[in-house]
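Remarks on the structure that follows.
The values are calculated or read from the model by the stated rules, or taken from the named source; none is laboratory data. In this text, all values refer to a predicted model and were calculated from it rather than measured experimentally. In this analysis, Cβ positions are derived from the backbone assuming ideal geometry, glycine residues included, and neighbour counts consider all displayed protein chains.
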């Protein structure tokens, strides 16, 4: 597997890959790093221009290790590039996570350490369920959405695409959060939140448009 992005999110993903022993990491691409620079013992092999040659060498798996906080443009661009080259884009699920047997997990999802995803939930393509987050039963987490460390999403919540739910936020059961919104860290969400807004507080309130 080749990884795309050498920032902080890559550290978490690498550790999860190492724990599962399902894939061998052949290197990392990143335009902001020097070739040969190491990230947790894995070398940066170049910028994104080398990915086609990596694929042609026989590497068939790739994963985007660029994180996001409210702006998913780069992650989406990189995913489309990898798809066009022909890479397989599996989910990476940490071995310490607790995922119900009927959960649907999309392409290139990352589910981090000590997470819980309960029955009848769906995790859309390229979503991040970060360290210690809890996704309760019947939730729908849409594509490119990031559930930050320690966040609790109670049962039957639907969260739209490209949305960020901040660290230690809580969303009570049955709510809908729109697309491309940001819920601030530590917020307590007790009402629906529309698309394209920034909202935070206890109780969580819309502060401005995004």
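Of the residues making up segment 17-44, those that are without any contact (Cβ under 8 Å) to a residue 40 or more places away in the chain and outside any loop (DSSP other than H, G, I, E, B) are 18, 27, 28, 29, 38, 39, 42, 43, 44. Would you mind stating whether residue 98 is at pLDDT 95 or above, closer than 27 Å to residue 54 by Cβ and loosely packed, with under 14 Cβ neighbours inside 10 Å? When the stated conditions are applied, residue 98 does not pass them. A count restricted to segment 57-92 and to residues that are part of a helix (DSSP H, G or I) and within 18 Å of residue 6 (Cβ to Cβ) stands at 7. Residues to consider are 143, 136; find the one that is at pLDDT 95 or above and either over 14 Å from the mean Cα position of the chain (by Cα) or within 24 Å of residue 95 (Cβ to Cβ) (or both). Unique residue meeting the criteria: 136. Please determine whether any residue of segment 195-209 is closer than 25 Å to residue 104 by Cα, part of a loop (DSSP other than H, G, I, E, B), modelled with pLDDT of 95 or more and not assigned by TED's automatic domain parsing to the domain that holds residue 65. The answer is yes; a qualifying residue exists.
Would you check if residue 44 is modelled with pLDDT under 95, farther than 22 Å from residue 144 by Cα and buried (at least 17 other Cβ atoms within 10 Å of the Cβ)? Judged against the criteria, residue 44 is not a match.
Just a yes or no: is a residue in segment 53-62 in the same structural domain as residue 15 (by TED's automatic domain parsing), within 27 Å of residue 136 (Cβ to Cβ) and in contact (Cβ under 8 Å) with a residue 12 or more places away in the chain? Within segment 53-62, none of the residues are in the same structural domain as residue 15 (by TED's automatic domain parsing), within 27 Å of residue 136 (Cβ to Cβ) and in contact (Cβ under 8 Å) with a residue 12 or more places away in the chain.
Could you please find all residues in segment 24-41 being closer than 15 Å to residue 64 by Cβ and either surrounded by 17 or more Cβ atoms within 10 Å (Cβ to Cβ) or touching a strand residue (DSSP E or B) at 6+ places or on another chain (Cβ under 7 Å) (or both)? Of everything in segment 24-41, those that are closer than 15 Å to residue 64 by Cβ and either surrounded by 17 or more Cβ atoms within 10 Å (Cβ to Cβ) or touching a strand residue (DSSP E or B) at 6+ places or on another chain (Cβ under 7 Å) (or both) turn out to be 25, 27, 28, 29, 30, 39. Between 166, 178, the distinction of being in contact (Cβ under 8 Å) with a residue 24 or more places away in the chain, closer than 22 Å to residue 74 by Cβ and in contact with a strand residue (DSSP E or B) (Cβ under 7 Å, 6 or more places away or on another chain) belongs to 166 only.
Considering only residues in segment 122-151 that are surrounded by fewer than 24 Cβ atoms within 10 Å (Cβ to Cβ) and in contact with a strand residue (DSSP E or B) (Cβ under 8 Å, 6 or more places away or on another chain), the one that is farthest from residue 66 (Cα to Cα) turns out to be 136. Taken together, the residues in segment 2-11 that are surrounded by 20 or more Cβ atoms within 10 Å (Cβ to Cβ) and outside any strand (DSSP E or B) amount to 4. Residues satisfying the criterion are absent from segment 157-173 (criterion: closer than 20 Å to residue 92 by Cβ, more than 14 Å from the chain's Cα centre (by Cα) and outside any strand (DSSP E or B)).
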